[in-house]
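Just below is one structure, and these are the notes that go with it.
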Amino acid sequence: MDYPSPHLMPRRYSYAVLLAAVAVGLLVPRLANWLLGPALLLGMLLLGVAHGACDQYVVPATHPLLARERARYWAGFLGGYLGLAGVVLVLWWRWPALALAVFFGLTAWHWGSADAPVAGKHRGQWLAHSLLRGSFLFLVPLWYWPTETQAVVNGLLALAGAAPVSAAGYALTLTWLGPLVLGGHALLWLSYWWQGRAAVAATDALEVGLLTALLVVLPPVLSAGVYFVFWHSLQHVQRMSELMSGANGEAVTGRRILADVGFFLRRSVPLLLISLLALAVLYGLAWTRAASPSVLLSLALLVASVVTLPHALLVTLGMDAARWRR
């Protein structure tokens with residue numbers, strides 16, 4: 001079975017969490033925030049924030065020769081990471097609309113490429129899957145929850161002091177993005193089937209169906225949180241734990257995942273504590289100014305956008321190098 005990899009992608013555990021979240025949304029929709037909120041908050045701290053707190057280990061694990069001299073490596077890593085974060089801050093300050101487009105576009109690419117078939121035979125298929133899956137994750141909420149999705153986007157622009165996107169702009173995006181993404185998925189599945197990889201196409205279609213249910217049943221903030229924590233972040237933690245520990249090839253079990261999460265968290269402690277402290281100070285300052293929940297959400301997205309660029313580049317150029325070089 002070449003997709004999903006039984007060693008690198010514990011997708012069946014992500015499937016189970018997403019199905020449970022969908023069940024909550026269907027059976028007790030009015031209590032969804034209360035029932036899913038605590039799990040999301042804990043998961044955001046232990047997986048969401050933490051999944052980027054081991055970025056400093058990506059290069060040593062994937063290109064050890066570049067990290068032989070520790071002082072030079074750390075100088076280059078911190079300089080590059082903070083420099084890219086600074087570029088994003090400048091974009092938000094001078095050109096917030098461009099910064100928003102870069103953030104959502106880069107997030108779509110990063111989420112989609114992280115989900116791509118591990119054993120994909122062609123670079124073109126990996127690239128197509130990365131773009132299509134990532135775009136799909138943004139397309140469904142915009143189509144099914146237009147008011148809520150537009151409120152999130154415009155709230156982020158308002159925080160940056162930019163004009164909101166008009167309803168006509170969202171409608172235009174749906175008009176061209178919808179057929180492109182849906183048609184692209186159909187062609188991608190046909191290409192798998194043409195290669196005799198029907199199981200790959202079936203698994204990918206199953207995932208699209210499961211994600212559609214999540215994105216339709218739960219409002220955008222909840223569905224994005226569940227996906228980010230229990231799909232994207234969990235699988236990234238699993239991949240990084242295997243890279244750092246050299247435990248590739250072991251079967252993925254529930255006990256193994258817990259061990260990998262613990263292994264990952266122990267190594268992410270320094271940056272994780274710094275990140276949590278910075279977030280606590282930032283939110284404390286916002287809270288003293290009586291910030292509304294929508295402002296706090298926009299602030300969280302703004303903070304996330306600052307580190308998305310260096311994090312996504314490290315994953316694409318380091319962890320996924322074998323895919324785009326194929």
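The numbers here are math on the coordinates, done by the rules we state, and not lab data. Here the structure is a predicted model, which means the values were calculated and not measured. Using ideal geometry, Cβ is built from the backbone for each residue, glycine included, and neighbour counts are taken over all protein chains shown.
For the chain, give the magnitude of the charge dipole about the Cα centre (Cβ charges: +1 Lys/Arg, -1 Asp/Glu; no others), in debye to the nearest 20.
The dipole magnitude comes to about 460 debye.
Within 10 Å, count the other beta carbons around each residue, average over each peptide in 35-43, 98-106, and list them highest first.
Packing order, densest peptide first, comes out as 98-106, 35-43.
For the range 292-302, in order, what is each residue's ³J(HN,Hα) by Karplus, 6.51 cos²θ - 1.76 cosθ + 1.60 with θ = phi - 60°, in whole Hz (x at glycine and Pro)?
For the range 292-302, the Karplus-derived couplings read 7, x, 5, 5, 5, 5, 4, 5, 4, 5, 5 Hz, x marking Gly and Pro.
How many nm separate the modelled label positions at LEU317 and LEU65, each set 7 Å beyond the Cα in the direction of the Cβ?
Here the answer is 1.7 nm between the modelled labels.
Counting other beta carbons within 10 Å of each Cβ, put GLU148, GLU242 in order, fewest first.
Arranged by neighbour count, lowest to highest, GLU148, GLU242 become GLU148, GLU242.
Between ILE257 and THR173, what is 0.36 nm times their sequence separation minus the Cα-Cα distance? Round to one decimal in nm.
26.4 nm
On alpha carbon coordinates alone, what is the Rg over Rh value for the range 11-324, Rh being the Kirkwood radius?
0.95
Using the Karplus equation 6.51 cos²θ - 1.76 cosθ + 1.60 (θ = phi - 60°), what ³J(HN,Hα) coupling, rounded to whole Hz, does each residue of the range 86-98 give in order, writing x for Gly and Pro?
So the Karplus estimates, Gly and Pro as x, are x, 4, 5, 4, 5, 4, 5, 6, 9, 9, x, 5, 5 Hz.
At 20 °C and a viscosity of 1.002 mPa s, what translational diffusion coefficient does Stokes-Einstein give for the range 34-94, taking Rh as the Kirkwood radius over Cα pairs? Give it in µm²/s as a whole number.
153
Okay, helix-only estimate at 222 nm for the chain: each DSSP H run of n ≥ 4 adds -39500 (n - 2.57), divide by all residues, round to 500 deg cm²/dmol; what do you get?
Helix contribution divided over all residues of the chain: -25000 deg cm²/dmol.
Round to the nearest 0.05 the FRET efficiency obtained for LEU19 and ARG94 when R0 = 35 Å and r is the Cβ-Cβ distance.
0.20
Could you work out the relative contact order of the chain? I mean the mean sequence separation of Cα pairs under 8 Å and 6+ apart, divided by the number of residues, in percent.
Computed over the chain, the figure is 37 percent.
Among the trypsin sites (Lys or Arg not before Pro) in the range 18-82, which ones are in a DSSP loop with at most 13 other Cβ atoms within 10 Å of the Cβ? Mind listing them?
ARG68
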